[in-house]
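Heads up, the thing below is written out as structure tokens.
Every number here is computed from the coordinates shown, using simple stated rules; none is lab data. From a predicted model like this one, the values you see are computed outputs, not experimental measurements. Backbone-built Cβ (ideal geometry, glycine too); neighbour counts: all protein chains shown.
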Amino acid sequence: MDSKLVQIGMLVVSLFAVTILVIVLASNGVFSDDNSKSDAQRITPAVVENAIDDSVDYSAWMNDETFFDEKKIGDGKYETTSPKAATYRVSTIGKTIRVLVLDEKGSLVTGRRFRAELSDVGQYSDDDRDGIIYIDDVSPGEYSITVDNVIGYALPEKPIKVTVKAKIEYKALADISYLIKTEADIDAAKEDTEVIDASEETTGNSAIKTVEGAVFGIDVSKHNGSIDWNKVKNEGVRFAIIRCGYRGSKTGVIVEDPCFRDNIEGAIKADIPVGIYFFTQAVDETEAVEEASAVLSLIKGYNISYPIFVDTESAGGNGRADKLDVPTRSKVVQAFCETVRSGSAGYKAGIYASKNWFNNRLDISKLSADNVTWLAEYAEAPSYAGTYQIWQYSSAGRIPGIEGRVDMNMSYLDTDKEDRTTSKESDEDGQDKSRDM
């Protein structure tokens with residue numbers, strides 16, 4: 001009796017083992033007609049591009065209470081989170097279109113891949129999900145643009161009309177704040193790399209100069225640190241040209257100088273007339289218009305007596321604009337100046353560069369005579385053969401109120417009667433006292 005039970009038990013175990021073996025072999029395709037394929041061909045899944053789609057709510061199941069509670073059968077419907085209202089704006093510079101997706105507070109909506117439809121052309125995606133859709137090299141004409149909804153945001157269905165022109169208009173952009181970043185948003189060590197070429201000529205004089213028909217001034221940026229502007233004024237400084245920002249030499253992002261506000265407010269409070277400069281890394285006229293627009297936005301509400309300068313110089317040799325050819329660089333700086341002058345505030349515009357750059361990196365014949373020339377040449381007297389209105393004669397100056405070195409300048413401009421803000425129009429009463437060497 002016992003041996004018979006043992007035999008039956010062994011038979012059952014054997015049958016169970018055979019069944020498991022058959023199941024395993026079948027699952028691996030042993031009994032299929034596909035045995036000619038290799039293991040890799042049988043088990044490698046197909047690659048699906050863009051598998052994650054922002055138009056699909058992959059988390060919708062989390063709002064279905066029947067998923068979590070087995071006692072609730074449900075009716076096949078569940079609540080979803082109401083989408084947030086968003087809108088979009090469109091700006092154009094020449095053949096370039098920028099579509100900005102904004103939330104209710106006017107901030108860029110990031111983290112979503114929005115898609116814009118350009119009529120009769122196609123779709124464009126915000127692949128880096130920064131809230132800006134870039135559409136470049138668009139043929140001149142009339143278009144309409146719509147932006148698709150994504151999960152969590154509802155956008156207007158009515159399209160926006162836009163006109164793309166064949167030529168760039170040197171007109172300041174009204175919506176530019178979205179392009180201006182702070183140094184907290186970037187790697188400043190890699191982006192802020194301007195290197196003045198004039199320093200290769202001489203170290204310059206560290207003393208305050210007295211020149212008949214000229215006034216003494218300085219130019220400053222974050223590199224000069226915290227400044228005691230009352231002490232600076234008492235030392236005989238009669239004007240200050242303040243850096244308001246720069247374009248990054250690697251990524252091209254526009255950045256506000258972290259000391260700009262303190263510097264301009266401190267100088268104005270000390271009754272020192274101010275001018276502005278911006279370090280360019282624009283690679284075309286479109287970017288130059290953006291830079292000038294950013295400057296005009298940053299200086300809004302401040303009294304600006306001296307010109308607004310585009311600072312063109314090296315970014316260490318590897319900057320995005322360092323290898324521009326002469327015609328392109330000349331167009332860039334001219335576009336900046338024309339955009340600055342396009343507004344109603346009556347600002348003067350100018351170009352800052354070294355003697356070497358004015359001679360070899362710019363085509364002076366292609367630049368407007370309306371541009372103010374700010375020459376950097378570190379010598380006892382300039383040898384530059386062209387016309388200039390401000391001369392930066394040293395980067396090694398020493399002034400009480402500023403720790404470390406500071407750039408020193410002589411100005412031949414008459415700015416006594418000029419007082420411009422963005423809140424009113426002003427006539428250019430002053431007459432330049434240019435130096436024609």
Taking only the alpha carbons of the range 126-280, the radius of gyration and the largest Cα-Cα distance, Dmax, both in angstrom, are 21.8, 68
Per its Cα gyration tensor (rounded if a/c is under 1.5, else prolate when a/b beats b/c, else oblate), the range 262-395 is best filed as oblate
For the range 71-189, shape from the Cα gyration tensor axes a ≥ b ≥ c, cut at a/c of 1.5 then a/b versus b/c, turns out oblate
Between residue 226 and residue 398, Cβ-based FRET efficiency (R0 22 Å, step 0.05) works out to 0.85
The simple spin-label model distance between residue 84 and residue 151, using points 7 Å out along Cα→Cβ, in nm, is 1.6
Between residue 181 and residue 212, Cβ-based FRET efficiency (R0 35 Å, step 0.05) works out to 0.20
Answer in debye to the nearest 20: the dipole magnitude of the range 181-436 about its Cα centre, from +1 Lys/Arg and -1 Asp/Glu charges placed on Cβ, is 180
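Name the shape class, rounded, prolate or oblate, that the alpha-carbon gyration tensor gives for the range 181-436, where a ≥ b ≥ c are the square roots of its eigenvalues, rounded holds for a/c under 1.5, and otherwise prolate holds if a/b is larger than b/c and oblate otherwise.
The shape class here is rounded.
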Residue separation between residue 250 and residue 129 times 0.36 nm, minus their alpha-carbon distance, gives in nm 41.6 nm
Treating only Lys and Arg (+1) and Asp and Glu (-1) as charged, each at its beta carbon, one finds that the range 84-164 has a dipole about its Cα centre, in Debye to the nearest 20, of 260
Length gained, residue 117-residue 234, 0.36 nm per residue minus C-alpha separation, equals 36.2 nm
Of 400-409, 230-239, 158-167, ordering from highest average Cβ density within 10 Å down gives 400-409, 230-239, 158-167
Expressed in angstrom and rounded, the centroid-to-centroid distance over alpha carbons for the range 240-311 and the range 216-236 is 17
1/(1 + (r/R0)^6) with r = Cβ-Cβ of residue 271 and residue 360, R0 = 56 Å, i.e. FRET efficiency to nearest 0.05, evaluates to 0.90
Ordering 378-384, 255-261 by per-residue average of other C-beta atoms within 10 angstrom, highest first, gives 255-261, 378-384
